[in-house]
Amino acid sequence: MKIINIAVIAHVDAGKSTLVDAFLNQSGVFRENEERVDCVMDSDSIERERGITIYSKNCSIRYKDYKINIVDTPGHSDFSSEVERVIRTVDTVILLVDSIEGPMPQTRFVLQKSLELGLRPILVINKIDKPNNRAEEVVDMTFDLFADLDATDEQLDFPVLYGIGKQGIMQYEVDEPSENLEPLMETIIKQVGEYPKQDDAPLQMQISALAYDEYIGRLGIGRVYKGVIKEGMQVQVASNEGTLRNGKIVKLMGYEGLKQVPISEATSGDIAVISGISDISIGETIGLSGQVEPMEPIKIEEPTLTMNFLVNDSPFAGLSGKFVTTRHIKDRLEKELEVNVGLKVEAMDTTDGYKVSGRGELHLSILLENMRREGYELGVSKPEVIMHKDENGDLVEPVERVIITLPEEYSGTVINKLNMRKAQMQSMEPENGYMRVEYLCPTRALLGFRSELITDSRGEATMVRRVEGYTPYVGELPKRANGVLIAQEQGATVSYALNSLEARGTLFVHPVTDVYEGMVIGMNARSEDMTVNPCKTKKLTNTRSSGADDAVKLTPPRIFTLEEALEFIEPDELVEITPASIRLRKRYLKESDRKRMSKK
């Protein structure tokens, strides 16, 4: 079979996984009676719940005498390390752009990586069935983006198709109807052609992704650039540091549709899965003994955020989790490092936790959510931005490009808040009753901003962002304006006590919730913290008042998701994460300890 490898890249929600569904449906991968689900490549439980792609995944289809390997990539900038490593294994990329939104911040990032590697993208303007689509204008905007990114003349001469991914339709012109994806398939073949056969050359394969199988151990996934790799073959592995070690290919697999199937050999150009080398790592090159040609290591951009993963030392520790010690946390983080290349883990000065760095809040919170579901308990500190020093020794911090679309009547409040956070406006334009504003804002200033934005816009605003680079340190930024309500003692909350506390601020707990001393149970209406007793019961007397037995009506409490909790806390607070619940607490639980530390 002739082999072509392609990746589908785009901003979040542009329709990447839906287009891959259409590829699979039209290539006959599924049986007639087989149950099909939308976004079939998003197989992880969190991906299904949130409707986003987190991990890059492979599949393959047959078209005429071609085998086309397809890589579905994430759209969120937090998972851009997934894109950076798989894009090396493909011959071309399909750049999807929404027919109304046009190119977005993450579109710029994934396109830049493709152009740097010399790939010639195919542009697909998706969702042209939307009313008010501006397909022709979006093509011009994308051309300008190519030019901004210093594309070569050859790259600027990109083919353009128009499509409706959900219906599995691609067409050469906006007004030239089609019934299937054939125009796109033909364009891929014309743009790339088959991978040049180099089966007679010495083996050269680079690992771009890792997986784990509980029966056969660690799996390495990568492309065979030259030669042929066979099951049972003795090979040599060149590490990223340049050292060589011997290994054996115990099992070899390839992709057929959505499945990994055992194969006896993989030829040049194909994507293969190998097992048998227990310490294989991303970026390493596999070759024949004495004939290894090491490839350039895969470079991943540096993390921008860090937080401390600490042992859970609350009074409720160990009640719902199975893994609660430092050793458990260490083993789990080491396992994650094998497959999550954008992550960085460092030991702390104390023995009660680890410093974990990633590409953004979502990147780290997905790891925490997975750990929580696996039975881990831990306390997590407020995310902090990683500062750097430039060549002159001056402090610089990451800055992000933020695009916010919101109703015009709320724009004044949001613009004012961004200005207070020392963000710089780049553009502002009205769109059908909505306002679209673009800012350059320090990453530090955006921590906790999303929840404020949702509140200020009555839930109607959308925000997209990605790291743009570094800017000189902007100085102190405004902190959370409100203090918190802190539980005074351990026990179960009582409606009577919560009813009187409602006047003090916003509650985070229901009645009959177990709380402990130092746990945060609400937000104070004032700026200072307040220690309160949510377990206080009504004193019984032998006289009855007219309203004594009236039921207490409480306002529903504010319940935090994991991301919202991480955004909300301050440096002296932690998020306690267990399989059963997410709690907010003070770092020092006793009031006397907090007073002593505040004096220091």
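Assorted remarks:
- In Hz, Karplus ³J(HN,Hα) per residue of the range 217-233 (6.51, -1.76, 1.60; θ = phi - 60°; x = Gly, Pro): x, 6, 10, x, 10, x, 9, 8, 7, 9, x, 10, 10, 10, 5, x, 6
- Between the range 307-345 and the range 409-481, the alpha-carbon center distance in angstrom: 33
- Helix 326-339 and the long axis of the chain differ in direction by around 30°, with both axes built from C-alpha atoms.
- Of all DSSP beta bridges confined to the range 283-396, the antiparallel ones make up roughly 95%.
- Exposed loop sites here mean GluC sites (Glu not before Pro) with a DSSP loop assignment and at most 14 other beta-carbon atoms within 10 Å; the chain contains its longest site-free run at 36-172.
- Mean Cα-pair separation over length for the chain, i.e. relative contact order, pairs under 8 Å, 6 or more apart, %: 10
- With all protein chains modelled, accessible area of Leu145 [1.4 Å, Å²]: 20
- Cβ charges +1 (Lys, Arg) and -1 (Asp, Glu), total dipole of the chain, debye: 2520
- Net charge over other residues, Cβ less than 9 angstrom from the Cβ of Leu219 (K, R count +1; D, E count -1): +1
- Of (1) 107, 50, 22; (2) 40, 28, 24; (3) 47, 30, 23, the label for semi-axes √(5λ) of the Cα gyration tensor in Å derived from the coordinates: (3)
- Which listed pairs, of Lys57/Lys299; Lys479/Lys553; Lys344/Lys417; Lys344/Lys389; Lys226/Lys248; Lys16/Lys113, have C-alpha distances above 22 Å, in listed order: Lys479/Lys553; Lys344/Lys417
- Put Met348, Met170 in order of accessible area, highest first, and with a 1.4 Å probe you get Met348, Met170.
- For the chain, the longest principal axis of the Cα atoms and the long axis of helix 135-148 meet at an angle of about 90 degrees.
- Dipole-positive endmost among Val402, Gln490, Met463 within the range 368-497 (Cβ charges, Cα centre): Gln490
- Averaged per residue, the range 460-591 has 55 square angstrom of accessible surface, using a 1.4 angstrom probe with ligands and nucleic acids left out.
- The range 173-195 and the range 551-567: distance between their alpha carbon centers, rounded to Å: 51
- If both residues of a DSSP beta bridge must be in the chain, then about 80% of such bridges are antiparallel.
- The dipole here belongs to the range 229-365: it is taken about the Cα centre, uses +1 on the Cβ of Lys and Arg and -1 on the Cβ of Asp and Glu, and is about 400 debye.
- Share of carbon and sulfur in the accessible heavy-atom surface of the chain [1.4 Å probe, %]: 47
- Cα lying deepest toward the dipole's positive end in the chain, options Pro177, Ile164, Leu378, charges on Cβ: Leu378
- Rounded to the nearest 10 square angstrom, Ile189 shows an accessible area of 30 square angstrom against a 1.4 Å probe.
- Farthest toward positive dipole pole in the chain [+1 Lys/Arg, -1 Asp/Glu at C-beta], among Ile559, Ile286, Thr531: Thr531
- Over the chain, DSSP H runs of length four or greater, each weighted -39,500 (n - 2.57), average out per residue to a 222 nm ellipticity of -6500 deg cm²/dmol.
- Taking the Cα centre of the range 455-600 as reference, the dipole from Cβ charges on Lys and Arg (+1) and Asp and Glu (-1) amounts to some 500 debye.
- Per-residue Karplus couplings for the range 206-213, computed as 6.51 cos²θ - 1.76 cosθ + 1.60 with θ equal to phi - 60°, are listed in order as 10, 7, 10, 8, 10, 9, 9, 10 Hz, Gly and Pro entered as x.
- For Asp150, the solvent-accessible surface computed with a 1.4 Å probe is close to 130 Å², ligands and nucleic acids excluded.
- The range 378-476: relative contact order in percent, alpha carbon pairs under 8 Å with at least 6 residues between: 39
- Rolling a 1.4 Å probe over the protein heavy atoms gives the range 61-164 an accessible area of 34 Å² per residue.
The values are calculated or read from the model by the stated rules, or taken from the named source; none is laboratory data. Keep in mind the model is a prediction, meaning the values are calculated, not measured. Please note: Cβ atoms are built from the backbone with ideal geometry, for glycine as well, and neighbour counts cover all protein chains shown. Accessible surface is based on the protein model in full, side chains and every heavy atom, while ligands, DNA and RNA are left aside. Shrake-Rupley method; radii C 1.70, N 1.55, O 1.52, S 1.80 Å.
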